[in-house]
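Inspection log for the structure reproduced underneath, given as C-alpha cells.
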Amino acid sequence: MQWTAWIGLALGVVMAATPKPGPPPVILELGPVVPTPNPTPKSAQRKRLITVITVQNNVKGETVASFEASDIADEGKDRTRTIASKTYSLADDKPELHDMKLRIIQQIRDLERELLKYAEKAGPPKERAPLPSAGRP
C-alpha cells in the first residue's frame, strides 16, 4: 500500500510539471500521396527445371515417385532466384497422365539398373555390423 502512495505522488508531480498543451501545430495539406515506384527489376530469363526427384522402393515391388519442378529467374553471372516451385506425385490418378506415368516409371526402372551397375563398380554398400547380443532382463 505504501508503494502505491509513492507512485501516485510521483505521477502527480510529473503531471503538474508538464506544460499545458497549446494550440495544435499548423498542418499544410499537400494533396494525395503518390506511392514511390518499385525499382526496375533486373532483366532475367524465366526457366523451369526439376530440382528434386524422389523414388521410394520396397522389396514388395511398390514404388512411390515424386518430383519438384521449380521456376527460376536466371539473372546471369551465376545469379538465380526461385520464383515458384511445386511437388508432383506419380501416384495421381488423372487419366490423361496415365500413359506418361507408365513411360516415366519405365525410364526410372532403366535408370535404377544403371545406378545399380554404378554402385557395383564404385563399391557396393558395406554390410552393417551385427548388433551386440545383450542379455535381456
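The values are calculated or read from the model by the stated rules, or taken from the named source; none is laboratory data. Note that the structure is predicted; figures quoted are calculated from it, not measured. Note that each Cβ is placed from the backbone with ideal geometry, even for glycine, and that neighbours are counted across all protein chains shown.
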Residues of the range 18-64 being within 30 Å of L116 (Cα to Cα), β-branched (V, I, T) and not in a strand (DSSP E or B), which ones?
V59
Residue count, the range 68-85 (criterion: under 14 Å from V52 (Cα atoms) and outside any strand (DSSP E or B)):
0
Identify the residue in the range 18-50 that is charged (D, E, K, R) and modelled with pLDDT of 85 or more and, among all such residues, is surrounded by the fewest Cβ atoms within 10 Å (Cβ to Cβ).
R46
Specify the residue that is surrounded by the fewest Cβ atoms within 10 Å (Cβ to Cβ); the eligible residues are those in the range 103-137 that are among the small types (G, A, S) and in a loop (DSSP other than H, G, I, E, B).
G135
Looking only at the range 86-95, which residues are among the basic types (K, R) and assigned to a strand (DSSP E or B)?
K86
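The rows are residues; the columns are (1) modelled with pLDDT of 90 or more; (2) under 20 Å from the mean Cα position of the chain (by Cα); (3) surrounded by 10 or more Cβ atoms within 10 Å (Cβ to Cβ).
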site: V52; (1), (2), (3): yes, yes, yes
site: K60; (1), (2), (3): no, no, no
site: F67; (1), (2), (3): yes, yes, yes
site: D71; (1), (2), (3): yes, yes, yes
site: K77; (1), (2), (3): no, no, no
site: K86; (1), (2), (3): yes, yes, no
site: L90; (1), (2), (3): yes, no, yes
site: D93; (1), (2), (3): no, no, no
site: K101; (1), (2), (3): yes, no, yes
Does any residue of the range 69-87 turn out to be among the small types (G, A, S) and touching a Pro at 6+ places or on another chain (Cβ under 9 Å)?
yes
Scan the range 81-103 residue by residue and report those that are closer than 17 Å to T63 by Cβ and of a type outside the set (D, E).
T87, Y88, S89, L90, A91, L97, H98, M100, K101, L102, R103
Give the number of residues within the range 26-81 that are touching a strand residue (DSSP E or B) at 6+ places or on another chain (Cβ under 8 Å), farther than 30 Å from D93 by Cβ and hydroxyl-bearing (S, T, Y).
2
